[in-house]
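Engineer: Provided herewith is a single structure, encoded as structure tokens, for subsequent inquiry.
The values are calculated or read from the model by the stated rules, or taken from the named source; none is laboratory data. Please read all numbers here as calculations on a predicted model, not as lab measurements. Here the Cβ positions follow ideal geometry from the backbone for every residue, glycine too, while neighbour counts run over all protein chains shown. For the accessible areas, the whole protein counts, side chains as well, though only heavy atoms, and no ligand, DNA or RNA atoms are used. Shrake-Rupley method; radii C 1.70, N 1.55, O 1.52, S 1.80 Å.
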Amino acid sequence: MGDAAVEGQRTMSRFSIMFVCTGNLCRSPMAERLAVAALRRRLGPRADLFRIHSAGTHAVSGWPMTTEAAAVVAAYGADPAGFVSTELTADLIAEADLVLTATRAHRSQVVTLEPSALRRVFTMTEFARVAREVGFAQICREVEESVPAQDLVERAHAVVAIVARRRGTVRPTRPDEDDIADPIGQPMAVYQSIGDVIARAVDASITALVGRC
């Protein structure tokens, strides 16, 4: 394949981020739509270089997110419209470049379904924590050594590799800090609290992936 063909293939490629929770009704839908909004704010039309989707380990496909989750998404200026739940499969995992889960148990289930995903699956809070601890400026410096600044897809791949290498050195204060509780059936205040945790994790993760140099 010639250089022009290779460049054309890269231009057409997309970086796929999949969020995972249990029923794909609350946590992962909120993360999905918040990530879409964050990418559009930062990248405008270039946000289309990223595919953002979600699934549930015990989801029944075709359901909308809960009304409370939709309200939280809308409060952050993101769009909840048109969402339908999806059951997690090994094929979906294999197609994802980065899998971000609500809990450590979900992370384990992802790896059980698709062992090759080990180095690209993290909990949402884990990926964000490691990225913050490494530092956005340091991530930029490391990425720019090998990836052209304009190649957002290759940049995102490089960031995932950096976070994967560092995660064993950046431990949470408590293990359960890497779990986001399920708000389903809880009052709106619980949804808002969980939404805040997800929003902060998504913001840090997207900032690391697309750059703040």
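Engineer: Kindly list the number of the only condition in (1) under 22 Å from LEU98 (Cβ atoms); (2) at pLDDT 95 or above; (3) not in a helix (DSSP H, G or I) that fails for VAL147.
Structural biologist: (2)
Engineer: Quick one: what pairs do we get from the range 190-208, first residue in a helix (DSSP H, G or I), second of a type in the set (Ser, Thr, Tyr), C-beta under 6 Å, 6+ apart or different chains?
Structural biologist: Within 6 Å, the pairs are ALA199/TYR76; ALA201/THR125.
Engineer: Mind checking which pairs have a first residue in the range 114-143 that is in a helix (DSSP H, G or I) and a second that is of a type in the set (Asp, Glu), Cβ under 7 Å, 6 or more apart or different chains?
Structural biologist: Between residues of the range 114-143 that are in a helix (DSSP H, G or I) and residues that are of a type in the set (Asp, Glu), the close pairs are ARG120/ASP97; THR125/GLU177; THR125/ASP178; GLU126/ASP178.
Engineer: Still on this structure, I have one more. Does ARG104 qualify as being closer than 24 Å to ARG155 by Cβ and either over 17 Å from the mean Cα position of the chain (by Cα) or among the charged types (D, E, K, R) (or both)?
Structural biologist: Values: closer than 24 Å to ARG155 by Cβ: no; either over 17 Å from the mean Cα position of the chain (by Cα) or among the charged types (D, E, K, R) (or both): yes.
Against the criterion (closer than 24 Å to ARG155 by Cβ and either over 17 Å from the mean Cα position of the chain (by Cα) or among the charged types (D, E, K, R) (or both)), ARG104 does not qualify.
Engineer: Sort out which residues of the range 76-93 are touching a Ser or Thr at 6+ places or on another chain (Cβ under 8 Å), open to solvent by 40 Å² or more (accessible area, probe 1.4 Å) and not acidic (Asp, Glu), and write them in order of number. Please lay out each step first, then the result.
Structural biologist: Quick first cut of the range 76-93, residues touching a Ser or Thr at 6+ places or on another chain (Cβ under 8 Å) only: 84-88, 92.
Filter once more, so that each one left must be open to solvent by 40 Å² or more (accessible area, probe 1.4 Å): 84, 86-87.
Scanning the range 76-93 gives VAL84, THR86.
Engineer: Right, next: Return a yes/no flag: does the range 94-105 have any residue that is β-branched (Val, Ile, Thr), part of a helix (DSSP H, G or I), touching a Lys or Arg at 6+ places or on another chain (Cβ under 9 Å) and open to solvent by less than 60 Å² (accessible area, probe 1.4 Å). Write out each step before concluding.
Structural biologist: So in the range 94-105, the residues β-branched (Val, Ile, Thr) come out as 99, 101, 103.
Now drop any that are not part of a helix (DSSP H, G or I), which leaves none.
No; the residues of the range 94-105 include none that is β-branched (Val, Ile, Thr), part of a helix (DSSP H, G or I), touching a Lys or Arg at 6+ places or on another chain (Cβ under 9 Å) and open to solvent by less than 60 Å² (accessible area, probe 1.4 Å).
Engineer: Right, something else. Return yes when ARG46 is touching a residue at least 24 places away in the same chain (Cβ under 8 Å), out of contact with any strand residue (DSSP E or B) (no Cβ under 9 Å at 6 or more places or on another chain) and among the basic types (Lys, Arg) and no when it is not. Let's see the steps before the verdict.
Structural biologist: On the way: touching a residue at least 24 places away in the same chain (Cβ under 8 Å): yes; out of contact with any strand residue (DSSP E or B) (no Cβ under 9 Å at 6 or more places or on another chain): yes; among the basic types (Lys, Arg): yes.
Considered against the rule, which asks whether it is touching a residue at least 24 places away in the same chain (Cβ under 8 Å), out of contact with any strand residue (DSSP E or B) (no Cβ under 9 Å at 6 or more places or on another chain) and among the basic types (Lys, Arg), ARG46 comes out as yes.
Engineer: Residues in the range 55-72: is at least one surrounded by 16 or more Cβ atoms within 10 Å (Cβ to Cβ), modelled with pLDDT of 95 or more, under 23 Å from GLU154 (Cα atoms) and under 14 Å from the mean Cα position of the chain (by Cα)?
Structural biologist: The answer is no; no qualifying residue exists.
Engineer: Checking the condition farther than 24 Å from ALA78 by Cβ, open to solvent by less than 40 Å² (accessible area, probe 1.4 Å) and either aliphatic (A, V, I, L, M) or part of a helix (DSSP H, G or I) (or both), which residue from VAL111, VAL160 passes?
Structural biologist: On the way: VAL160 fails: farther than 24 Å from ALA78 by Cβ.
None of the others qualify; the one that does is VAL111.
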